[in-house]
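Below is one structure, written out as structure tokens, with a few remarks after it.
What follows is calculated from the coordinates using simple rules that are stated; it is not laboratory data. Computed from a prediction, not measured in an experiment: that's the story for all the values here. Every residue, glycine as well, gets a Cβ built from its backbone with ideal geometry; the counts of neighbours run over all protein chains shown.
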Amino acid sequence: MTNREFFKTCLVNELAATVAVIEALPNENLNYRPHPNSRSAYEIAEHIIAHTFDLDVILTEEKCDECLEMPFKDTKEGSKVLSDYWNKAIKVVDAMSEDTFENINVELLVSGNPLLTMPRNTMLWFFLFDVIHHRGQLSAYIRPMGGKNPAVYGWSFDTKSIPLPLTQADIVTN
């Protein structure tokens, strides 16, 4: 399996968990923050959704001015926007050559200011890991907000169980 194929597999496998966490956020408490210095649930969800837009730019351009805002009216709309961009990224990765995935540099800008340049594949992994990191933050917000944690990599107290044992067929591999 190549790095590109592995990235696509991970992208496919992380989509459902990310959508589930966004949709588990109670809309009436999106302003929740565990500490005055913490981002609100809305701000973190918006950051995750914006990263899915960035994935598309990183995949198709050689410069990405990081999207810092991606407003949404409720978690259903937010998860729809996220899913649309994410699924588009999966299709682009699937059609992309190994050379284009591995050997093209992409420059990351923030508010128009250059931050760093790295190979496309490295930047894609960087953004995916950041999405996973922020999804983890949100999962810690859900219960204090009055919601129920979805199953992410296995059952949660709130989901009680998932069908076990999982088989290889339950995991997307290509």
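The alpha-carbon of LYS148 sits under 18 angstrom from the alpha-carbons of these lysines, leaving out residues fewer than 8 places away in its chain: LYS76, LYS160. Taking the C-alpha atoms only, the angle from helix 41-60 to the longest principal axis of the chain is near 20 degrees.
Set the Förster distance to 41 Å, then compute FRET efficiency between GLU61 and PHE157 from the Cβ-Cβ distance, nearest 0.05. In this case the efficiency is close to 0.45.
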